[in-house]
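What follows is calculated from the coordinates using simple rules that are stated; it is not laboratory data. Computed from a predicted model, the values in this text were never measured in an experiment. Please note: Cβ atoms are built from the backbone with ideal geometry, for glycine as well, and neighbour counts cover all protein chains shown.
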Amino acid sequence: MKKINTHRTPIYRESGFYLESSEQTLLAFKSESENPHEPEKYIYSRYRNPTVVAVEQQMMKIEDSEWSLLTESGMAAIDIALSIFQEADDKRPWLFFTEIYGGTNSYIDSILIKRRGVNTIRFASGADNYVLEEFIEIIELKKPKLIYFEAVSNPMLIVTDVLSFINEAKKRNIIVIIDNTFATPYLWKPLADGADLVIHSATKYLSGHGNISAGVISGNDKVLMQKAIEYRKWVGHMLSPDDAYRLGTQMQTFELRFGKQIENAFHLAEFLENHYNVEKVFYPGLESHASHNFANKIFNKKGYGAMITFQLAGDTDNIKRERSKTFIEKFSRYFYLIPSLGDTETIFMPVDAVWGDKYPYPGTIRLSIGIENYEHIENAINFALDF
Ligand code: PLP
């Protein structure tokens, strides 16, 4: 068949690719392990797939990375980013900041600690942010092999002094892994500031339509990334060609979408801060937010993200609980309560109902702002806040 004049790499739904001779087979397997970035031939889709590779190259441009690998979920990317550092005879601890995605915390507890016996330590934030001096103290004392944190925390949206943390870690040859799902490469590119690996849940802003589960792990170090490719191959964390194709198409509008989401979020955060039925708003773009200065420093004033967490006002906890129910019922007439984020549609979730053990404050709502006409979101919020 003639080569088809398509400008996009099509969806190659092959599980295996034919090879024409034993020489070619030998060469294909050799190049696959020696230079997995540019193999001689495709062999098997769990190893590499042309549709996935095309989208990885697109991702490398967005991330400014030498290597980007797509995975079947954000958790798969996290599993790879951490597992490649596990070595039977290396007992150095891995240091995790505490304000990270709940699923990652569960993965640390039930997989890394309970099943694999990894030596882990936690670094807790102070009242409003992580304290650099405490970080230096703990890494001096415990000498961790790696550190792991999120640039913008969930759900309180703490923006840490990431540049200083990376700097202190790198001075001591500690590996730095960052989950940059909330900030995205639009606001910050951690590899350019010295991080070793950056991961995203591409389920969120990168795909942006709430219809794909995907992850990405990026880095500039060939040795590390070859280990990541190997781990992905043997554990089977590869993204499917269908999802890769859709991710690639949707990533074409990533900057456009996220720019609008950020703009909407900024206006809404200001609106909420001035609303009489709102007690407190957590949004790094507000001067009242404890991390505002760090956010300015890291994001270069390109914006402050599109997540907002806020707390309802009320004289007692019971009143706040009742108001929270009312808010959810009324806001649900316009937007869905979905425990995810980053979609083109505004979605929301009650923080205390999901993370009550950690954030028990009744009436705490997390909003993931979409690309709707701003007035529509403000009107819906105003309606839902009218108690
Ligand atoms: N990292 C962060 C910050 C997240 O919020 C999530 C999911 O909510 C993940 C990672 C996991 O991603 P996924 O659901 O795509 O596995």
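Here are some notes:
- One chain, two ends: Leu163 and Tyr18. Fully extended at 0.36 nm per residue, the span grows by 47.4 nm beyond their Cα-Cα distance.
- Global form of the stretch 22-251, assessed from the alpha-carbon gyration tensor, a/c cut-off 1.5: prolate
- Residue-averaged 222 nm ellipticity for the chain, from DSSP H runs of 4+ at -39500 (n - 2.57), nearest 500: -12000 deg cm²/dmol
- Those lysines that a straight Cα-Cα span of less than 26 Å connects to Lys3, excepting residues fewer than 8 apart in one chain: Lys41
- Cα-based shape type of the stretch 8-67, given that a ≥ b ≥ c are square roots of the gyration tensor eigenvalues and the cut on a/c is 1.5: oblate
- In degrees, nearest ten, helix 374-384 long axis to first principal axis of the chain (Cα): 50 degrees
- Degrees between helix 317-331 axis and first principal axis of the chain (Cα, 0 to 90, nearest 10): 60 degrees
- Residues in the stretch 324-360 that a label on Asp109 would reach, taking backbone N under 11 Å of a point 7 Å out along Cα→Cβ: 357-358
- The stretch 12-90 and the stretch 119-178: distance between their alpha carbon centers, rounded to Å: 30 Å
- Loop trypsin sites (Lys or Arg not before Pro), the stretch 326-387, which have at most 10 other Cβ atoms in a 10 Å radius of their Cβ (DSSP): Arg333
- Antiparallel DSSP beta bridges within the chain, as percent of all bridges there, nearest 5: 60 percent
- Relative to the current alpha-carbon distance between Asn296 and Glu137, full extension at 0.36 nm per residue lengthens the span by 54.6 nm.
- Seen against the Cα atoms of the chain and their longest principal axis, helix 222-235 is set at about 90 degrees.
- For the stretch 254-384, relative contact order (Cα pairs under 8 Å, six or more residues apart, normalised by length) works out to 27 percent.
- For the stretch 22-251, the relative contact order is 29 percent, taking Cα pairs closer than 8 Å that sit 6 or more residues apart in sequence and dividing their mean separation by the residue count.
- Note: relative contact order over the chain, using C-alpha pairs below 8 Å and six or more positions apart, is 16 percent.
- Qualifying GluC sites (Glu not before Pro) for the stretch 270-306 [loop in DSSP, other Cβ within 10 Å: at most 13]: Glu287
- Label-to-label distance, nm, for residues given as His7 and Thr316 (7 Å Cα→Cβ offset): 6.4 nm
- A crude spin-label estimate for the pair Ser288 and Asn373, with each label 7 Å from Cα along the Cβ direction, gives 2.9 nm.
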